[in-house]
Amino acid sequence: MKILISQPNHEGNLEQLQTELALDYNFDTVLFPEGYITDKDNVVRACALANKYKKMIITGYRDNNKDRALIINQYGEIILERAKSPMNVRLYTPSAVEVNGSKIGYLLCVELLQGLLGLEEYDTSLTYIAHPIGVGMFSEEQFDEWISEAKRIAVKYNTMILGTSHADGSYRNCGISIPIAYCIDRVGEPIFIAKNDLRTRIINLKTKEYGFIARTLV
């Protein structure tokens, strides 16, 4: 299983998604940030792209200014879709989906802080956890906190966790943005942690090997 992890810019179309999907590399899934897909019309377009290139898309989309979870399989079918969980309630379900014999966990941006308890129903059966993040971290302290929490979640569920944010934009336009992408293995050790490093990566989850792709996104 090979996953392409991208840090695109915000945009109103899907040009960057199509660019990554069309790359002549061996991978079966792309991980894009929370809210990269801006509306339901673009969800339909993303489904068509997934089917065209036979790649699974893990991301999030915006609907009436609200963020929602989204996974589209390689046939263009939506296999996970739900609202984002409010911070003061238990993590919404479904937060995992089975695909081709694998079980993929899902945490949408700040849901990372609910994942330690919210994924307990899946025990240690998850193949990996995907974590689409909206914008970059608003401080070094937040960056460190989120990486630490991802490590705790990986260890608890004995699984890998992978996250990525947009390359641009800041939380509530605070003016500070530290783009983040990461992969933590099942014992809580970093495979990579990217801070202000916007290169696209493709990782082999079985071997933990990954490589870089020169950034061709606008």
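So here's what we get for this one:
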item: Single residue of the stretch 1-51 satisfying the filter (farther than 19 Å from His131 by Cβ, outside any loop (DSSP other than H, G, I, E, B) and of a type in the set (Gly, Ala, Ser)) that is farthest from the chain's Cα centre (by Cα); result: Ala48
item: Filter result for Asp123 (acidic (Asp, Glu), in contact (Cβ under 8 Å) with a residue 24 or more places away in the chain and open to solvent by 60 Å² or more (accessible area, probe 1.4 Å)); result: yes
item: In the stretch 14-26, the residues that are more than 10 Å from Leu49 (Cβ to Cβ) and open to solvent by 10 Å² or more (accessible area, probe 1.4 Å); result: Glu15, Thr19, Leu23, Asp24, Tyr25, Asn26
item: Selected residue [touching a Lys or Arg at 6+ places or on another chain (Cβ under 8 Å) and either open to solvent by 10 Å² or more (accessible area, probe 1.4 Å) or over 25 Å from Phe212 (Cβ atoms) (or both)] from Lys84, Lys55; result: Lys84
item: Single unsatisfied condition, Asp63 versus (1) touching a Ser or Thr at 6+ places or on another chain (Cβ under 7 Å); (2) open to solvent by 10 Å² or more (accessible area, probe 1.4 Å); result: (1)
item: Options Ala130, Ala167, Ala154: the member that is assigned to a helix (DSSP H, G or I), surrounded by 21 or more Cβ atoms within 10 Å (Cβ to Cβ) and at pLDDT 95 or above; result: Ala154
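The values are calculated or read from the model by the stated rules, or taken from the named source; none is laboratory data. Because the structure is a prediction, the values reported are computed rather than measured. Virtual Cβ from ideal backbone geometry, glycine too; neighbours counted across all protein chains shown. Side chains are part of the model used for accessible areas, which takes the heavy atoms of the whole protein and leaves out ligands, DNA and RNA. Shrake-Rupley method; radii C 1.70, N 1.55, O 1.52, S 1.80 Å.
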